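What follows is a short report on a single structure.
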Amino acid sequence: MLRLFTGATILIQGKLVASDFIINNFNFELYNPEKHSSLKFDEVIDCSGLHVFPGFIDPHVHLREPGFEYKDTIKTGTMSAAKGGYTTVFAMPNLNPVPDTLENLQAEKDAIERDAVINVYPVCAITKGQTGRGELADIDNLKQENKLFSDDGKGVQAGENMEEAMTKIAAANGYVLAHCEDEDELAKGDSASAEYVQVQRDLELADKTGCKYHICHMSTKESVEALRQHKNEKVSGEVTCHHLFLNESDVKDNGKWKMNPPLRSVEDQNAVVDGLLDGTIEMICTDNAPHSLDEKDCPFDDAAMGIVSIEVAFPLVYTNLVKTGKLTLERAIELMSTNAAKFFEIPGGEIIENKPANICIYDLNEDWTIDSGNFESLGKSCPFDGQKVSSKCKMTVCNGEIVFREMD
């Protein structure tokens, strides 16, 4: 397949370059009139005034299949991600069956192979049944096929369980993606300490075991400082758009404001923003967690945990951080693509000639209002509804194939 895109500003290996390019046999290639003059193109698409970025990578999403297809499916979840410019996502393991054995993992992989429109990396459970307690998942066999492990939605409660898991996973050069939540601290009514107590414990265990360790959805000032003090090439952290751009004063008595971790104080919000800007936190994720209308369109206390934002993540980052001068455009792409590819050692994160074309095309000048009713996801609960943002995805190409398109 051959396509010509013309007149775009392309972020090639970290540098913005105004140039034409083609997708030739699924690979990216700069257009050379002398070299390509005899070629016949399937289509010529004018990208004048648009920007082309490496496809975004989200290390933290919930695709809900198998087991909870009424919330979302592999197909609708990945279509939603593609509409936001994503070409790779990590799918968390709170599924039915839980991917805690090779057999259960295969059920998820079969659904991904059948229906995913972008690259999906399954994340396997750390504990059996993803309970955060007791017997570990079948890590010894799972690690032969998978490098990513998490009990997201639960913190691993016993330090000895986490140490054993880290030791096994480190032996396979794998990764722990930790939802940090100490249930004893939570029972005392302190959800902030519930997070940072486990962050501190896990960072010490990562140092001890040599395991590669990634902190999910960081939300407290103490967590940021702990990561800052332990920072090295084997540990990383992520922050969601909602923890960057919202705080507890925004919360209303409606399910769209209920998530875990919860929205925190302005002081915590400022700390995660500062951690992102100074390089302590290396990735922006969404923790995209769709639920049914009945589970979210209700009073706050009755609602399920989790919101959706993957279709609007880059516009939120661009509007609130790039346009305000807090981040350069190049740095924003690192946080949403390049850094995840480097840390997790997966393809993507940059545009290189003669490599698979995983890109998204954005109009940075288009202003629009977020309306979750237009989301591809079955989940519509988004706390950013009604906000005006700048920049809109016009096309996403995954492995050389157009998977989302909103342009002539």
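The values are calculated or read from the model by the stated rules, or taken from the named source; none is laboratory data. Remember, predicted model here, so these are calculated numbers, not experimental data. In this analysis, Cβ positions are derived from the backbone assuming ideal geometry, glycine residues included, and neighbour counts consider all displayed protein chains. These accessible areas exclude ligands, DNA and RNA; they are computed on the full protein's heavy atoms, side chains included. Shrake-Rupley method; radii C 1.70, N 1.55, O 1.52, S 1.80 Å.
If you roll a 1.4 Å probe over the chain with all protein chains in place, what percent of the accessible area is carbon or sulfur? Numbers along the way, then the final one.
On the way: 7290 of 15800 Å².
That share works out to 46 percent.
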- Message: I need the phi-derived Karplus couplings for the stretch 135-144: 6.51 cos²θ - 1.76 cosθ + 1.60, θ = phi - 60°, integer Hz, Gly and Pro marked x.
- Response: 5, 6, 4, 6, 4, 4, 8, 4, 5, 6
- Taking alpha-carbon centroids only, the stretch 43-118 lies from the stretch 256-314 a number of Å equal to 19
- Note on the structure: Here the averaged projected area of the stretch 191-284, based on the convex hull of its alpha-carbon atoms and given in nm², is 5.7
- Task: Would you please put 87-97, 387-397 in order of how densely packed they are, using the mean number of other Cβ atoms within 10 angstrom per residue and starting with the highest?
- Result: 87-97, 387-397
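Using Cα pairs under 8 angstrom and six or more residues apart, how large is the relative contact order of the stretch 236-348, in percent?
On the way: 155 pairs, mean separation 34.2, N = 113.
In percent, rounded to a whole number, it is 30.
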- Item | Label point distance in nm, residue 326-residue 408, each placed 7 Å from Cα along Cα→Cβ | 3.8
- Evaluate the distance, in nm, between pseudo-label points positioned 7 Å from the Cα of residue 232 and of residue 352 along their respective Cα→Cβ axes. 2.7
- Add +1 for every Lys or Arg and -1 for every Asp or Glu among the other residues with Cβ under 12 Å from the Cβ of residue 375, and state the total. -3
- Task: Quick one: which residues, 5+ away or cross-chain, put their amide H under 5 Å from the amide H of residue 395? H built at 1.01 Å from N.
- Result: 361, 406
- Message: With a cut-off of 8 Å between alpha carbons and a minimum separation of six or more residues, what is the relative contact order of the chain in percent?
- Response: 20
- Proximal lysine pairs, the stretch 1-143, alpha carbons under 25 Å, eight or more residues apart or interchain: 11
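What number, rounded to the nearest 500 deg cm²/dmol, is the helix-based mean residue ellipticity at 222 nm of the chain, given -39500 (n - 2.57) per DSSP H run of at least four residues and division by all its residues?
So the calculated ellipticity at 222 nm is -7500 deg cm²/dmol.
At a 10 angstrom cut-off on C-beta neighbours, averaged per residue, how do the peptides 218-227, 191-200 rank from highest to lowest? Before the final figure, lay out each step's value.
Numbers: 218-227: 24.0, 191-200: 21.6.
For the peptides 218-227, 191-200, the packing ranking is 218-227, 191-200.
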- Query: Using the heavy atoms of the protein chains alone and a 1.4 angstrom probe, what is the accessible area of the chain per residue in square angstrom?
  - Reply: 39
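Ranked highest first by the average count of other Cβ atoms within 10 Å around their residues, in what order do 272-281, 8-17 fall?
Working: 272-281: 18.9, 8-17: 16.6.
Per-residue mean Cβ counts within 10 Å order the peptides as 272-281, 8-17.
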- For an R0 of 30 angstrom, estimate the FRET efficiency from the Cβ-Cβ distance between residue 106 and residue 208 and round to the nearest 0.05. 0.35
- Assuming R0 = 56 Å, what is the FRET efficiency of residue 31 and residue 193, from their Cβ-Cβ distance, to the nearest 0.05? 0.50
